[in-house]
Amino acid sequence: QVQLVESGGGLVQAGGSLRLSCAASGSIFSINTMGWYRQAPGKQRELVAAIDRGGSTHYADSVKGRFTISRDGAKNTVYLQMNSLKPEDTADYYCNADSVIDDYWGQGIQVTVSS
C-alpha cells in the first residue's frame, strides 16, 4: 500500500506562485509514475502533470511553461511548482501514484487563485 500526503495549497492572487508537495510512503518501490490532477466543481478530473521513474515528464497544454513537476528521490516526494497562476487554475489538486498493483490518491488540496 502507498500513502500520499499533500501540502502547499492555499489562496494566491493571479500572477503569483505556489508549490505543492506530495510525500509518498509505504510500498514506494512499486510506483511507476506520479502526478498531479485537478478537479473544479462540475468539471472532470484532469491530469495536470506527471513524472515517471526515468524522469520523463508530461504537462497539460494549459499549464506548459508555467508549471514544473519534479521529484526528490531521497525524500520520496514529488513537487508541483506553479507560477503565473490564473483564476482558471482554481481547483482541488490531487496527488496520484500509479503502481502495477493499484492507483493511489491523496485526499486533495485546494488551490484558489483570485483576480
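The values are calculated or read from the model by the stated rules, or taken from the named source; none is laboratory data. No experiment lies behind these values; they were computed from the predicted model shown. Virtual Cβ from ideal backbone geometry, glycine too; neighbours counted across all protein chains shown. Calculation scope for accessible area: heavy atoms of the full protein, side chains included, ligands and nucleic acids excluded. Shrake-Rupley method; radii C 1.70, N 1.55, O 1.52, S 1.80 Å.
Looking at the range 97-115, which of its residues are surrounded by fewer than 19 Cβ atoms within 10 Å (Cβ to Cβ) and either part of a loop (DSSP other than H, G, I, E, B) or among the β-branched types (Val, Ile, Thr) (or both)?
Residues of the range 97-115 surrounded by fewer than 19 Cβ atoms within 10 Å (Cβ to Cβ): 98-103, 105, 107-108, 110, 112, 114-115.
Listed by number, the residues that qualify are VAL100, ILE101, ASP102, GLN107, GLY108, THR112, SER115.
Return the total of residues in the range 42-56 being over 17 Å from LEU4 (Cβ atoms) and surrounded by 14 or more Cβ atoms within 10 Å (Cβ to Cβ).
0
Considering only residues that are of a type in the set (S, T, N, Q) and in a loop (DSSP other than H, G, I, E, B), which ones fall in the range 33-58? Steps first, please.
Here is the first cut: in the range 33-58, the residues of a type in the set (S, T, N, Q) are 33, 39, 44, 56-57.
Matches in the range 33-58: GLN44, SER56.
Considering only residues of the range 96-115 that are more than 16 Å from SER27 (Cβ to Cβ) and of a type in the set (A, V, I, L, M, F, W, C), which is nearest to the chain's Cα centre (by Cα)?
Taking the candidates together, the pick is ILE109.
If ASP72 passes every condition in (1) closer than 17 Å to VAL2 by Cα; (2) in contact with a His (Cβ under 7 Å, 6 or more places away or on another chain) but one, which one does it miss?
(2)
Only one of TYR59, TYR37, TYR94 is surrounded by 15 or more Cβ atoms within 10 Å (Cβ to Cβ) and either modelled with pLDDT under 95 or farther than 23 Å from GLN1 by Cα (or both). Can you tell me which? Break it down into steps so the answer makes sense when it comes.
Values: TYR37 fails: either modelled with pLDDT under 95 or farther than 23 Å from GLN1 by Cα (or both); TYR94 fails: either modelled with pLDDT under 95 or farther than 23 Å from GLN1 by Cα (or both).
Matching residue, one of TYR59, TYR37, TYR94: TYR59.
So which residues in the range 67-85 are within 16 Å of THR112 (Cα to Cα) and surrounded by 15 or more Cβ atoms within 10 Å (Cβ to Cβ), if there are any at all? Walk me through it before giving the result.
First, pick out the residues of the range 67-85 that are within 16 Å of THR112 (Cα to Cα): 67, 80-85.
Matches in the range 67-85: PHE67, LEU80, GLN81, MET82, LEU85.
Name every residue in the range 17-34 that is open to solvent by less than 20 Å² (accessible area, probe 1.4 Å) and under 18 Å from GLY65 (Cα atoms), in order of residue number.
Within the range 17-34, LEU20 is the sole residue that qualifies.
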